[in-house]
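The values are calculated or read from the model by the stated rules, or taken from the named source; none is laboratory data. Everything quoted here is computed from the prediction, not taken from an experiment. We place every Cβ from the backbone using ideal geometry, glycine too, and count neighbours over all the protein chains shown.
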Amino acid sequence: MLGHVDHIREGTEEQEWFEFRVEPHARTNGDMRIAFSGTHRTGKTTLVAALAELLPAYEVVDEPYHQLEEEGHEFAERPSIEDFELQLERSLDRLVEGAENQLFDRCPVDLLAYLLTHRDADGFDVDDWLPRVEVAMQRLDLVVFVPVEDPDRVSVAPEERRLRHRVDEELRSILLENRWELCVEVMEVTGPVAARARQVLAQIERRRS
């Protein structure tokens, strides 16, 4: 997971974020459960941290990987199918048991995307999980999809770049093309963190109006 929002606010993006924070705009505190979805290193966690500053009534729910790691689970350097299934189980539980006013860093479809693109994906049966995923996703009011942008905002090794793009394509199919008809509202955000935060706040305001 990316670190705190301050770690990637550099140059013009840092100035834009500062200006965005101090300019007058609505602080929305409606009762919503919002998940942030995307492949790794797209700024998803940074966006969650930014919105947490702007929406103080909301609780941040960390991604399952870090929850489990803090509890002592040791993941392989390249997580196995079992590692991802464990994260999926945790993500499902957190959604079903969660309260209102929460910002979720990742949701079940993120883990499905990683499982479906895993080198051992033949050992994973998505149909076994879909009924529970459908129920859990209906507990969300909004999913914010943070894509790999063109040009890509980060420089990574070729193998990691291929994985990021495969996961991104899976998430596009699941969320934007509604592969499994999950009955949840989805929006895609683009640009630097301040622009993304504005887009999310505007969508929240539209839902409330």
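Exactly one residue out of LEU68, LEU92, LEU86 is in contact (Cβ under 8 Å) with a residue 12 or more places away in the chain, of a type in the set (A, V, I, L, M) and surrounded by 21 or more Cβ atoms within 10 Å (Cβ to Cβ), and it is LEU92. Considering only segment 69-92, how many residues are within 18 Å of LEU163 (Cβ to Cβ) and in a loop (DSSP other than H, G, I, E, B)? Adding up the residues that qualify gives 6.
TRP180 satisfies every condition listed in (1) of a type outside the set (Lys, Arg); (2) within 25 Å of ALA50 (Cβ to Cβ); (3) modelled with pLDDT of 95 or more except (2). Annotation note: Cβ proximity below 9 Å between a residue of segment 28-45 that is surrounded by fewer than 23 Cβ atoms within 10 Å (Cβ to Cβ) and a residue that is of a type in the set (S, T, N, Q) and modelled with pLDDT of 95 or more (sequence gap 6+ or interchain) occurs for MET32/GLN102; ARG33/GLN102. Tally time: how many residues in segment 196-206 are within 17 Å of the chain's Cα centre (by Cα) and in contact (Cβ under 8 Å) with a residue 60 or more places away in the chain? Total meeting the criteria: 7.
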